[in-house]
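Okay, so here's the structure we're looking at.
The values are calculated or read from the model by the stated rules, or taken from the named source; none is laboratory data. A quick note: this is a predicted structure, and the numbers were derived from the prediction, not measured. We place every Cβ from the backbone using ideal geometry, glycine too, and count neighbours over all the protein chains shown. Heads up: the accessible areas ignore ligands, DNA and RNA and are worked out on the full protein's heavy atoms, side chains in. Shrake-Rupley method; radii C 1.70, N 1.55, O 1.52, S 1.80 Å.
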Amino acid sequence: MLDELDLVNERFEYAAPREILQWTFSRFDDGVAMACSFEDLALLHMVHELRPATEIIFLDTGGHFPETLDFADRVTKDWSLHVTRTTPGPAAAPWPCGSERCCELRKVEPLGRALVNHSAWITSVKRVDAPSRAGMKILMWDEKFGLVKVNPLASWSDEDVAYYLTRHGLEEHPLWAQGYASIGCAAMTRKPQVPGDRRSGRWVGMDKEECGLHEA
Ligand code: SF4
């Protein structure tokens, strides 16, 4: 598998996300799911156009903005998406927003449960999102969950996403209009603290850059 991923990575470094998705669906068939936060609709739109029956996993941490939940519900209904909405297990209850094990129990563990019996998962991470993502490969073996991770937008910029949304007339997350730029749980999300750094509003004041889903 690792040799195959290396070869395909070479082939896809400059490929369009649609081409990467087409290969993914052809290689893994019904074993593919996409994790989607409904922050932007670019990759979801591509997946939906190519394979409308794809399982979409939405991690409901219990701490999302109401705007995110409304947006996710509306798009799910309008696009007739097949959404699996995870919820934290009982072990998360003693760990409130921002506490040490909160992300692990509200995101990582529920996603692990949702990905059982899958062969590949699709994410919308980009290398420009954060220094921790700069080395992200397009295809990689995800040790944590035991399946292939596919990052079709790895080489995209924020401008590429914005262009795609405009070109396809896709709605933006309602909080973008209020100045938010990277949207996670409400308790841990502020507007960008550093101009031009979209994720500088996440986990402000904490020694934390990632929620644990995307560490290599
Ligand atoms: S982002 Fe914050 S509130 Fe959301 S799951 Fe992680 S630690 Fe909890």
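Scanning the stretch 55-65 for residues that are open to solvent by less than 40 Å² (accessible area, probe 1.4 Å) and part of a loop (DSSP other than H, G, I, E, B) yields a count of 4. Taken residue by residue, the stretch 32-48 has no member that is assigned to a helix (DSSP H, G or I) and open to solvent by 60 Å² or more (accessible area, probe 1.4 Å).
This table checks each residue for (1) away from the ligand (no atom under 11 Å from the Cβ); (2) surrounded by fewer than 18 Cβ atoms within 10 Å (Cβ to Cβ).
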site	(1), (2)
Pro88	no, no
Ala92	no, no
Arg101	no, yes
Arg113	yes, yes
Asn117	yes, yes
Ile122	yes, no
Val125	yes, no
Asp129	yes, no
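None of Thr68, Thr24, Thr84 is open to solvent by 10 Å² or more (accessible area, probe 1.4 Å), polar (S, T, N, Q) and modelled with pLDDT of 95 or more except Thr84. Would you point out which residue out of Leu165, Leu139 is in contact (Cβ under 8 Å) with a residue 60 or more places away in the chain, among the aliphatic types (A, V, I, L, M) and within 13 Å of Leu43 (Cα to Cα)? It is Leu165.
Inside the stretch 161-216, residues that are outside any loop (DSSP other than H, G, I, E, B) and within 11 Å of the ligand (Cβ to nearest atom) make up a count of 6. Within the stretch 155-180, being in contact with a Leu (Cβ under 9 Å, 6 or more places away or on another chain) and either open to solvent by less than 20 Å² (accessible area, probe 1.4 Å) or among the acidic types (Asp, Glu) (or both) holds for Asp160, Val161, Tyr164, Leu165, Glu171, Glu172, His173.
Evaluate the following for Pro152: is it farther than 28 Å from Phe12 by Cβ, surrounded by 15 or more Cβ atoms within 10 Å (Cβ to Cβ) and not hydrophobic (A, V, I, L, M, F, W, C)? So Pro152 fails the test.
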